[in-house]
Amino acid sequence: MTDQEKDRLCRQIVEMAGDAVIYADREGIIRLWNRAAEGIFGYTEREAVGQSLDLIIPERQREAHWKGYGKAMLDGSSKYGTELLAVPAARKDGERISIEFTINLVRGPDGKVLGPAAVVRDVTARWEREKQMRQQIAQLEAGYTKP
């Protein structure tokens with residue numbers, strides 16, 4: 001396979017992925033936003049690319065996010081390359097959703113971190129089911145069930 005064929009294949013995989021693939025630069029500006037990201041967050045590629053990641057980060061989580069982001073850019077490492085990070089996120093319509101994702105730091109030819117690439121999945125429906133089950137279990141344990 002030629003380098004050109006590999007590049008085309010990689011672009012197709014990213015575009016066709018069922019999970020969102022988002023890449024941001026060192027400053028947290030979105031540079032890549034696939035179709036699944038459009039579906040999850042409600043922003044088109046045109047609306048998202050060039051914007052800060054704050055676009056999808058709820059205001060209450062921004063301080064912690066940027067602290068961790070800056071540390072990863074300085075240290076050049078993140079434990080979330082192999083561990084899932086589960087956090088709330090914000091959609092264009094204002095709805096809060098639950099997402100899980102991994103982060104891999106993309107490096108330039110000199111080894112310097114260019115920015116993180118994240119593979120993101122919307123787990124809102126599962127989170128809601130689990131929350132409901134926890135509530136039902138708590139009610140059963142308390143000896144109470146809803147009529």
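The values are calculated or read from the model by the stated rules, or taken from the named source; none is laboratory data. Here the structure is a predicted model, which is why all the values come from computation and not from measurement. Cβ atoms come from the backbone with ideal geometry, glycine included; neighbour counts cover every protein chain shown. Side chains are part of the model used for accessible areas, which takes the heavy atoms of the whole protein and leaves out ligands, DNA and RNA. Shrake-Rupley method; radii C 1.70, N 1.55, O 1.52, S 1.80 Å.
Solvent-accessible area of Glu59, probe 1.4 Å, all protein chains present, reported in Å² to the nearest ten, please.
Roll a 1.4 Å probe over it and Glu59 shows about 150 Å².
Highest mean first, how do 77-85, 13-21 rank when packing is the count of other Cβ atoms within 10 Å averaged over residues?
On the way: 77-85: 12.8, 13-21: 14.6.
Output ranking for 77-85, 13-21: 13-21, 77-85.
Pick out which of Ala125, Ala48, Ala117 has the largest mean-square fluctuation in a Gaussian network model of the chain, springs linking Cα atoms closer than 10 Å.
Fluctuation is largest for Ala125.
Pop the C-beta distance of Lys79 and Ala142 into the FRET formula with R0 = 41 Å and round what comes out to the nearest 0.05. Walk me through the intermediate numbers first.
On the way: r = 37 Å, r/R0 = 0.91.
Here the calculated transfer efficiency is 0.65.
Relative contact order of segment 4-109, please, whole-number percent, based on alpha carbon pairs below 8 angstrom and at least 6 residues apart.
The normalised contact order for segment 4-109 reaches 19 percent.
With the chain treated as a Gaussian network of Cα nodes joined by springs under 10 Å, which of Arg96, Arg62, Arg11 yields the largest mean-square fluctuation?
Comparing Arg96, Arg62, Arg11 in the GNM, the peak value goes to Arg11.
Probe of 1.4 angstrom, ligands and nucleic acids ignored: what's the accessible area per residue over segment 1-146, in square angstrom? Before the final figure, lay out each step's value.
Values: 9810 Å² over 146 residues.
Heavy-atom accessible area per residue stands at 67 Å².
May I ask which residue of Ile40, Ile137, Ala24 lies farthest towards the positive end of the charge dipole of segment 11-147, with charges of +1 (Lys, Arg) and -1 (Asp, Glu) on Cβ and the Cα centre as origin?
After comparing all options, I get Ile137.
Send over the Kirkwood Rh of segment 8-117, from the inverse of the averaged 1/r over different Cα pairs, rounded to one decimal Å. Intermediate results must be reported in sequence, preceding the final value.
Details: mean 1/r = 0.0694 Å⁻¹.
With all distinct Cα pairs of segment 8-117 included, I get 14.4 Å.
If you only keep lysine pairs separated by 8 or more in sequence, or across chains, how many in the chain come under 17 Å at the Cα atoms?
4
Cα atoms only: what Rg and Dmax, in Å, come out for segment 53-136?
For segment 53-136, the Cα radius of gyration and maximum Cα-Cα distance read 14.9, 54 Å.
To the nearest 20 debye, what charge dipole does the chain have about its Cα centre, counting +1 at the Cβ of each Lys and Arg and -1 at the Cβ of each Asp and Glu? Could you put the intermediate results ahead of the total?
Working: 23 positive and 23 negative charges, 59 e Å.
It comes to approximately 280 debye.
Please state the relative contact order of segment 7-65 as a whole percent: Cα pairs under 8 Å, 6+ residues apart?
On the way: 67 pairs, mean separation 15.0, N = 59.
Relative contact order comes out at 25 percent.
With a 10 Å cut-off between alpha carbons and a GNM built on the chain, which of Ala24, Ala72, Ala64 moves the most?
Ala64
Could you check how much of the accessible area of the chain is carbon and sulfur, as a whole percent, using a 1.4 Å probe? Could you put the intermediate results ahead of the total?
Numbers: 5260 of 9970 Å².
The C+S portion of the solvent-accessible surface of the chain is 53 percent.
How far is helix 3-16 tilted, in degrees, relative to the longest principal axis of the Cα atoms in the chain, given as a value from 0 to 90 rounded to the nearest 10?
The answer is roughly 20 degrees.
At a probe size of 1.4 Å, how large is the accessible area of Trp66, to the nearest 10 Å²?
Here the residue's solvent-accessible area equals roughly 70 Å².
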